[in-house]
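Here the structure is laid out as structure tokens; the discussion comes afterwards.
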Amino acid sequence: MAFIVIPPSPPSKGGNSEVKGVKVWQSSAEDRGKLIDFIKDYRDAYENNKTAWINNLNDYLNQLSEILHIDELLELIPKSCSRLILIPHWFLHIITLHCLPLKDGQFLYQRFSNGVGYVPSCQLLKLVKLSQRENFTRLFAIKNPTRKDLKPLLGANLEIERISQGFATEKTIIIGELEASEQTLENRRQELQASHCIHFSCHGKFNNESPRDSALMLADPDGNLGELANLTLAEVFEKFDLRECRLVTFSACESGIIESKADSISDEYVGLPSGFLFAGSSSVVSTLWTVDPLATTLFMTKFYHDLKRISIQDQGSIAIVLNNTQTWLRTLNSKKLTRIKNSQKFQQLLDRVFESKRDRRKFQDLLEAAVKREPYPFANPYYWTAFIATGV
């Protein structure tokens, strides 16, 4: 396993070797074995014992930080470097590397003031950097497609309601429930492709055996359409032209997962984020696992609120805001969350967006439970590290 650091200026001293400004960190065979064992344990816990995985996630990230020698690698990067772009290899695609803890108590993304993001490959990085996106005024959102085989996403309506408040009504298109079908997307493809921000609040799935069949799961109320109801990665590659789009966001489960078979050493990066980048979007925000609906709603609300306050056309701006939002959610304390919960305006909003009293009660229960996790309800990495920014 090799970890390569490419500095933006002439290389400083350090590293095991230097070739034309490229510093190569060569890990030992022992570290390689530790990484393989780590990934097996990590994936087994994630797939078979989710509760244990959540409880041990902080330990997992600390363990991986040691295996990868993150602190030593950082010594190879000039202190003047303010932005880091990661191109993960092998199993590392499934880990939120930018949230790895450092020995000084910080996290990796906090070392870089202009953010830490990801790209699938150098080729795609070159592609997305060629075009600047100056506009961020038109929103196209998919909300909670009706499925016979899946439960509705509890916080989706609230999430879209809060996000849409940052866009003018006449420049906002929201397609939800029964209407949120692949046929509707096809019929309104021109409007979709003219949008600057596309937001999917729906279920997603990654197909490990056939990554091109990974999909966002759209409306299929009777269950008659089956796989035909889904928007697959292959269709994104073949049909979409998103050259007007600055950001695509998935608050769908496992939408950021890419090919990473346990018995493979392929460096292939095939997943929904790469598909939408290839289609023309400058950036994609996605999640690596199913996140608590309350945490997702809070995260997305804060993320979009702050995104509208900066110069969106600047490269790296998406990663900066995402990283800052992760810090905000991680450090949100019980007192502040209580104030949000008890706000009359917020309670009125919940009454308006939840059509079902049962769902309204479920969401309220999540709030009550979170407040009791003092002092920081979302300090567990499960809540805040799942979100990643891919692109520029």
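The values are calculated or read from the model by the stated rules, or taken from the named source; none is laboratory data. Source: prediction; values computed, not measured. Methodologically, a virtual Cβ is constructed for each residue, glycine included, from the backbone with ideal geometry; neighbour enumeration extends over all protein chains shown.
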Give the residue, chosen from Asp213, Asp241, Asp222, that is under 15 Å from Pro273 (Cα atoms), of a type in the set (D, E, K, R) and touching a residue at least 24 places away in the same chain (Cβ under 8 Å). Asp241
Restricting to segment 336-357, what's the tally of residues that are surrounded by fewer than 14 Cβ atoms within 10 Å (Cβ to Cβ) and not in a helix (DSSP H, G or I)? 3
What number of residues within segment 152-199 satisfy the criterion of being of a type in the set (Ser, Thr, Tyr) and more than 21 Å from the chain's Cα centre (by Cα)? 4
Pair list, Cβ under 6 Å, 6 or more apart: segment 131-159 residue more than 18 Å from Pro293 (Cα to Cα), other residue of a type in the set (Ser, Thr, Tyr) and surrounded by fewer than 22 Cβ atoms within 10 Å (Cβ to Cβ): Leu139/Thr172
With the requirement that a residue be within 13 Å of Ala219 (Cβ to Cβ) and among the acidic types (Asp, Glu), what does segment 155-193 give you? Glu177, Glu179, Glu182, Glu186
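For (1) outside any helix (DSSP H, G or I); (2) more than 19 Å from Lys103 (Cβ to Cβ); (3) under 19 Å from the mean Cα position of the chain (by Cα); (4) of a type outside the set (Phe, Trp, Tyr), each residue gets a yes or a no:
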{"residue": "Thr51", "(1), (2), (3), (4)": "no, yes, no, yes"}
{"residue": "Ile54", "(1), (2), (3), (4)": "no, yes, yes, yes"}
{"residue": "Leu61", "(1), (2), (3), (4)": "no, no, yes, yes"}
{"residue": "Leu64", "(1), (2), (3), (4)": "no, no, no, yes"}
{"residue": "Glu72", "(1), (2), (3), (4)": "no, no, no, yes"}
{"residue": "Leu76", "(1), (2), (3), (4)": "yes, no, no, yes"}
{"residue": "Lys79", "(1), (2), (3), (4)": "yes, no, no, yes"}
Do we have any residue at all in segment 193-210 that's basic (Lys, Arg), touching a residue at least 12 places away in the same chain (Cβ under 8 Å) and assigned to a helix (DSSP H, G or I)? no
Taking segment 339-392, which residues are aromatic (Phe, Trp, Tyr) and over 28 Å from His93 (Cβ atoms)? Phe346, Phe354, Phe363, Tyr376
What do you reckon, is Arg373 part of a loop (DSSP other than H, G, I, E, B) and farther than 17 Å from Glu161 by Cα? yes
Hey, does segment 14-23 have a residue that's at pLDDT below 95, surrounded by 17 or more Cβ atoms within 10 Å (Cβ to Cβ) and more than 28 Å from the chain's Cα centre (by Cα)? yes
Regarding Asn157, is this residue crowded, with 20+ Cβ neighbours inside 10 Å, farther than 30 Å from Leu73 by Cβ and either not basic (Lys, Arg) or not assigned by TED's automatic domain parsing to the domain that holds Ser195 (or both)? yes
Among Asn333, Asn323, which is surrounded by fewer than 16 Cβ atoms within 10 Å (Cβ to Cβ) and not acidic (Asp, Glu)? Asn333
I'm trying to understand the selection: among the residues of segment 356-376, which are touching a helix residue (DSSP H, G or I) at 6+ places or on another chain (Cβ under 8 Å) and free of Cβ contacts under 8 Å to residues at least 24 places away in the same chain? Arg360, Gln364
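To keep it simple, each residue is scored yes or no on (1) under 14 Å from the mean Cα position of the chain (by Cα); (2) modelled with pLDDT of 90 or more; (3) more than 15 Å from Gly204 (Cα to Cα).
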site	(1), (2), (3)
Glu254	yes, no, no
Ile258	yes, no, no
Lys261	no, no, yes
Tyr269	no, no, yes
Thr287	yes, yes, no
Leu294	no, yes, yes
Thr297	yes, yes, yes
Met300	yes, yes, yes
Lys308	no, no, yes
